[in-house]
Structures are given as structure tokens and as C-alpha cells.
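Below is one structure, written out as C-alpha cells; comments come after it.
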């Protein structure tokens, strides 16, 4: 029984692991921290798994536990050397169809996301994952109105950050 | 195109850009030890909750009891012990209940609230220990001063306090007590601060604008 549960859980996570990787990318700055956070999220997901009754899709259920771990439970380890393995360059793969200007704009966007606080990052992440306000409010435990207001502020903040950087660069 | 739409579009194109862990790699991870702050909070709180009891045990040696009995205080002291243990157990029970309530499947706000609540129980306990220690020390000293039996010493005059001595004595006692309790409080705040600084900040940020 236990073995079956383990197997089921690991297969599910293997299939949907991208969700966890995306959260790690937003919340960490180097590969070692990424792996650390991924591991902690995996442990927390596994601990909570007996409570998962299949009432939602596994992936939907994951968002909550994974984000909770990233925002609340995870304690960043102090590292001797602060490496930024995947900043604007390695954070994402280049997409061929974009021109240089778009590429530059995108790397500014990703950097701006990195500068946000933990809560704003969660909101942006849920927005990028195409979650609606109801889902966002349920995941974060705030009212839908608050979620909307907060989201608008984050969007404005992001745009402002990008504008100020690009003005400075040109 | 809006920058955010562009970002969203690119975000969805990045699917192939993430590490791909195998079944076995993930399987190994589920048996690793968690480093979550909830675990730290649990251990540290447990130590703090037991600290009061441990201090009590250290200080209540045989000699201490003989002294108490000689002075006819055993009933009062036993009563105090019963009350203090009852209070300690109440705190431990509250802590346990709050701790059990912490669940990662709750929404972020509820989870943070429950962690802060669990920790607050321990904070109140520490405050209780510090205040009660202060009260007991002051009470004990007052009793000692008012009731010290002259028969214990040969020359009473040596032990009779002048007003200035009294002031000195009270001053020094108050100072030492304040420094000691203050240090414990500071240490506690430091521990508490380091553990929960980020969580508190996030909780405030999350609850901002909430009506």
C-alpha cells in the first residue's frame, strides 16, 4: 500500500515537475539553491500527499504546497559565494523568432521579476500560469478584490522598473 | 504588444528549458530531511518550553528544600510549584494544538497565521517565565529581609542594615535582575527575529489592503 502510494506520488511529480522548477527559478538565484528548494518542495509535497484525495488535478493541488514552501517554509541557506548562475542570460532559452530588441526587453522583464518581493513573485507566477483571480485568491488566502488590486500594483511596478532601466540604458 | 503579454508568451515557451529529473532522483528526495522553518520552530519551542522546568529542577536541590521546611514555607512553595507546572502544561498543550494545525495544504495566509500563532504561544510562555521569575525573586528577598532570624548568627549588629545599605542592596538586586532577565529576553528576541523575520514581512505584505 505504502509502496503503491510512493510510486503514484513520484510518477505524478515526475510528470508535473515543471511547475516546481518554475517556482525555483523565480525564487532562487543559482543552481544549488534551485536544487535545495526543489528538494524541500518535494519533501513537503510528499508529506502532504496523504491529504490529497484527488479532488482536484494533482498539478492544481501542487501549486499551493509548492508556493507555501517557497514563501513560508523554506529558509534560504547562506552561501559563501553568491553566484548568479542563471540571471538574464541563462534564466531562459532564447526564442529564435524574437528580434534583438524583444530579447533585450524580455531579459529586462525577467530581471524585474527577480527584484520583486516574495508575495509579488507569487502573484506574478500565478498570473503567468494563467490562474484566474478566484484561484489566486484561494491560493494566497486573500479576497478576490485584494488579489486584483495587488496584481495591478505588481504589473505597474514591473512596467515602471523596466522603463526606468531602459531609459537609463539608452 | 504589452510587455506583460510578451513575458507570458515567453514564459509558456520555456517549457523545455527546465531540468528534467528522473523517477529515481525524485524518489530519493522524498526521504531526505526537511529544512523547513516549521521544524526549527518546533525544536526551539520545545527547548524553550522545557527550559523553565529544567531550571526549576536544577534549583530545587535537597538543601533548598531543607531551608524551605525550616522556615515553614513548604506548603506555599509546593502550591507555587503546582500552579507553575499547571501553567507550563497549559502552554505546552496550546503549543501542541497550534502546531498540529499548521498545514501546507492551507492557503498561504492561513499557513502563515498558524505559524505565527504557534510561535506566539511560546512568546507568551517566555514572558510568563521572566515575569514570574522576577516576582518570585523579589518576593523571596522581601521575605528573607523581613524574617531573617537573628538566632542564626552570633553578632546581630553586623547584619543590621542602615538605610543606605538598604538602598544599595535594593539597587544592586534590581540591577542584576533587570540585566539577567533583559539578556534572556534579548536572546529570545534575536532567535525569534531570525527565524520569523521573513515570514512576518511576507504576512504583512500579503494582508496589506485586506479589509
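Every number here is computed from the coordinates shown, using simple stated rules; none is lab data. Since we're looking at a predicted model, the values are computed, not measured. Virtual Cβ from ideal backbone geometry, glycine too; neighbours counted across all protein chains shown.
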- Task: Please give the length that would be gained between residue B:191 and residue B:56 if that part of the chain were fully extended, namely 0.36 nm times their separation in residues minus their C-alpha to C-alpha distance (nm, one decimal).
- Result: 46.3 nm
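Quantify how strongly other chains surround peptide B:202-210 by giving the mean number of their Cβ atoms within 10 Å of each of its Cβ atoms. Provide the component values of the computation, followed by the final result.
Details: counts 6, 3, 1, 6, 11, 4, 6, 8, 7.
So the per-residue partner count for this stretch is 6.
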- Sort largest first and round to whole Å: the equivalent ellipsoid semi-axes of the protein assembly as shown, each the square root of five times a Cα gyration tensor eigenvalue. 57, 25, 18
- Query: Of the residues B:165, B:24, B:67, which exhibits the maximal mean-square fluctuation in a Gaussian network model of chain B defined by a 10 Å Cα contact cut-off?
  - Reply: B:24
- Message: Would you calculate the convex hull of the Cα atoms in the range A:95-170 and tell me its volume per residue in Å³?
- Response: 88
- Helix B:74-101 vs. chain B, principal-axis angle (Cα, 0 to 90°, nearest 10): 0
- Task: Please identify which residues in the range B:94-117 have an amide N closer than 11 Å to a label point set 7 Å out from the Cα of residue B:39, following the Cα→Cβ vector.
- Result: none
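Relative contact order for the range A:1-86 using alpha-carbon pairs under 8 Å, separation at least 6, rounded to a whole percent?
Numbers: 51 pairs, mean separation 33.1, N = 86.
Once divided by the residue count of the range A:1-86, the mean separation gives 38 percent.
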- Note on the structure: Fewest-first ordering of B:144, A:109, B:29 by Cβ atoms within 10 Å yields B:144, B:29, A:109
- Query: Taking the Cα atoms only, what angle lies between the long axis of helix B:37-59 and the longest principal axis of chain B, rounded to 10 degrees?
  - Reply: 10
- Message: Connecting C-alpha atoms closer than 10 Å in a GNM of chain B, tell me which of B:172, B:122, B:137 has the biggest fluctuation.
- Response: B:172
- Query: To the nearest 10 degrees, how steeply does helix B:3-13 sit against the main Cα axis of chain B, on a 0 to 90 scale?
  - Reply: 80
- Task: Round to the nearest 0.05 the FRET efficiency obtained for residue A:104 and residue B:24 when R0 = 35 Å and r is the Cβ-Cβ distance.
- Result: 0.30
- Can you give me the relative contact order of chain B as a percent, contacts being Cα pairs under 8 Å and 6 or more apart? 23
- Note on the structure: Helix-only [θ] at 222 nm, chain B, -39500 (n - 2.57) per DSSP H run of 4+, per residue, nearest 500, equals -27000 deg cm²/dmol
- Task: Give the residues of the range A:98-133 whose amide nitrogen is closer than 15 Å to a point set 7 Å from the Cα of residue A:159 in the direction of its Cβ.
- Result: A:109
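Shielding of A:115-122 by partners, i.e. mean partner chain Cβ atoms within 10 Å per residue? List each step's numbers first, then the result.
Numbers: counts 0, 0, 4, 7, 9, 1, 0, 3.
Mean number of neighbouring Cβ atoms from other chains: 3.
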- Stokes-Einstein diffusion coefficient of the range B:5-89, Kirkwood radius over Cα pairs, 10 °C, 1.306 mPa s, in µm²/s: 84
- Task: Ignore the peptide's own chain and count Cβ atoms of other chains within 10 Å of each Cβ in B:39-51; give me the average, rounded.
- Result: 0
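If you count, for each residue, the other Cβ atoms within 10 Å and average over each peptide, how do B:45-54, A:56-65 line up from highest to lowest?
A:56-65, B:45-54
Quote the FRET efficiency, to the nearest 0.05, computed for residue A:144 versus residue B:162 with a Förster distance R0 of 56 Å and r equal to the Cβ-Cβ distance. Walk me through the intermediate numbers first.
Details: r = 73 Å, r/R0 = 1.31.
That pair, residue A:144 with residue B:162, gives E of 0.15.
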- Item | Zero-based 5 Å bins, Cα pair distances in chain B, whole percents | 1, 5, 9, 11, 11, 12, 10, 8, 7, 6, 5, 4, 3, 2, 2, 2, 1, 1, 0, 0
- Task: Compare B:15, B:66, B:25 in a GNM of chain B, Cα atoms joined below 10 Å, and give the one with the largest fluctuation.
- Result: B:15
- Task: Treating the Cα atoms of the range A:1-86 as identical point scatterers in vacuum, please give the log10 of the normalised Debye intensity I(q)/I(0) at q = 0.12, 0.18, 0.24 Å⁻¹, two decimals.
- Result: -0.37, -0.76, -1.18
